Ligand code: SF4
């Protein structure tokens, strides 16, 4: 198993073309993103202190990331003290091996899993299969994806690309049911019955982690369906896999994230279920708990001062739902477990610029993603920064890079049209005031001045853009 | 791995402490609305998740439990061993989950519902929090049965998430597991229609007392 399992090689432009041709996918995505967008706007609008929460969320993440070594050490100590075991995994292969050894060490051949992007990233299910262990996905959508042998298309609603008629057909083919209508309640009921049997028999559960508290060692999983509760409560042994950036300093800090996440994610005041556990609780739930801390490229992201903020991400998927590129192409086109704007900045950094170099160009820099991001990741800033890195990398390896032709169009799309240009500025102004940080330019000179009226341009990117522009022979 | 983390953070001055990174908590940490208003809001928001809320007087809890069970034909309920005596109705079989003699999963799966108390309710979000304290039992008892009937004292309703977090700090420090419940189990995975109940209890009812 290599580190890039879960990432597919086809570049964004090729995959996007395929997706654009799929009418069902476009219809479902259009409906989904519109619905979630409206719900989110409503519940966010209810809180008059939303901007203060966002700022606190961003600041807490900055504190964690700048002192990640301290917090990880603290977390290891507190989890261990509470009766849990902590494992460190440098890459996907190591994480998968750790999980597989725990499962097979107990003589088990099956695990129940609650949806987790982190274990998708490591390709855990495939690795477990190779070790002779079946991993049962227990989210309704993940089950649909798994039964249909699909890749998921949305962080939050992975089966967004399937219609109910398709789901009915799939269940009739793969589950032990004879009759089924395409009523969502009935479809959910069929999945419930199927998975209940798995829950009652599985001895090992596998989960991701939304937050882990350094001070108490408490781990938190946020979910809707109750399969998360099942996975973290019923089995004798629980293994949770988390990216190292998920650590949060103290319990109190969750007063911020537990407001930001559900409202940004599903557009609800609170998601149906949130579970917290601290190591092992005597007589309640799993009596053996393992926490796997995964690097898999995250320390490289951490080392990049502009890219570092990417690790603020709490995986709410709000940026997907406002992204015009995502709405038209869908999640599969990003060829990664992380689609949309966050995928466009996270994947190339985790995987390496040479592997996913077309992704930073899959954006129009309209800034909508930054405005909705509950932890204020300046996605356009990181995109521009990564584009510069891609171009620098390409310049070092081959004379005229292919995928960059798309980049020209993407950047040009905003720059070339006065209306879009102004829309971008308005969008940026509607958000909170961009805080000037070290190394940024408040105003560009001459014809580019308007571009910086609503936003700052990072120094590095501007220079690279101009070098690149010149190398391309200017406008075309 | 920690060495890699440290190498990645070379730009952070060695004498910078975590507390030196400013975190401005400019958000609201309490809701000063009068208690009556908070209780109304709690009831309203729980109902928005399609959970039923019944408001009852303190001496009416057992009768309300009996009525609710009769209405849905629930005959056997699991209860934590320390459920207050005055909540226990006649005419419904109550199966107690005891410390040292816990019910197995198959038995719990076969019961009609669960009757528990809770630690607190959050008005702003319509959330019920179970913190493994008195009258709540193990996490699994409110998970496997398809029906959860939860008794919430009106005096336990707090305004906002930060107030709930503050009130739960001791339970977390003591290592007790917590479950936050906002409405019945739900999914919107099929063409984004909200469907009640995939895995957790498909019906949640709240008895709001006092
Ligand atoms: S980048 Fe921000 S908006 Fe996008 S998923 Fe992450 S936290 Fe949410």
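Since every read-out is calculated from the coordinates, none of them should be taken as a lab result. Model, not experiment: these values are computed from the prediction. Positions of Cβ are backbone-derived with ideal geometry, glycine not excepted, and every protein chain shown enters the neighbour counts.
Here are a few things to note about the model shown:
- Legend: ranking of residues B:157, A:44 from fewest to most surrounding C-beta atoms inside 10 Å; resulting order A:44, B:157.
- The label-point distance for residue A:180 and residue B:134, in a model that sets each label 7 Å from Cα toward Cβ, rounds to 4.8 nm.
- Fraction of the pair-distance distribution of the stretch A:98-221 above 18 Å, Cα-Cα pairs, percent: 57 percent
- DSSP-defined antiparallel bridges as percent of all bridges, the stretch B:36-209, nearest 5: 30 percent
- Relative to the current alpha-carbon distance between residue A:236 and residue A:169, full extension at 0.36 nm per residue lengthens the span by 20.6 nm.
- Nearest 10 degrees, 0 to 90: helix B:161-173 Cα axis against chain B principal axis: 90 degrees
- In the stretch A:121-249, the DSSP beta bridges split such that about 25 percent are antiparallel, to the nearest 5.
- In Å, descending, principal axis extents of the Cα set of the stretch B:103-210: 36, 35, 29
- Computed label-point distance, nm, for sites residue B:67 and residue B:2 using a 7 Å Cα→Cβ extension: 6.0 nm
- Residue A:51-residue A:126 pseudo-label distance in nm [points 7 Å out on the Cα-to-Cβ vector]: 4.6 nm
- Relative exposure of A:345, A:314, A:167, A:353, judged by other C-beta atoms within 10 Å (fewest first): A:353, A:314, A:167, A:345
- Distance histogram for the stretch B:1-72 (every C-alpha pair counted, 10 angstrom bins, percent rounded to whole numbers): 13, 22, 18, 12, 16, 14, 6
- Kirkwood-based Rg to Rh ratio, the stretch A:13-299, C-alpha trace: 0.97
- Taking every DSSP bridge with both residues inside the stretch B:59-138, close to 35 percent are antiparallel.
- With the helix formula -39500 (n - 2.57) applied to DSSP H stretches of n ≥ 4, chain B reaches a computed 222 nm mean residue ellipticity of -7000 deg cm²/dmol.
- Computed E for residue B:75/residue B:17 - FRET, C-beta separation, R0 45 angstrom, nearest 0.05: 0.15
- Dimensions in Å of the stretch A:33-120 - Rg and Dmax from alpha carbons: 19.3, 53
- Sorting A:194, A:385, B:199 from the fewest to the most surrounding beta carbons within 10 angstrom yields A:194, A:385, B:199.
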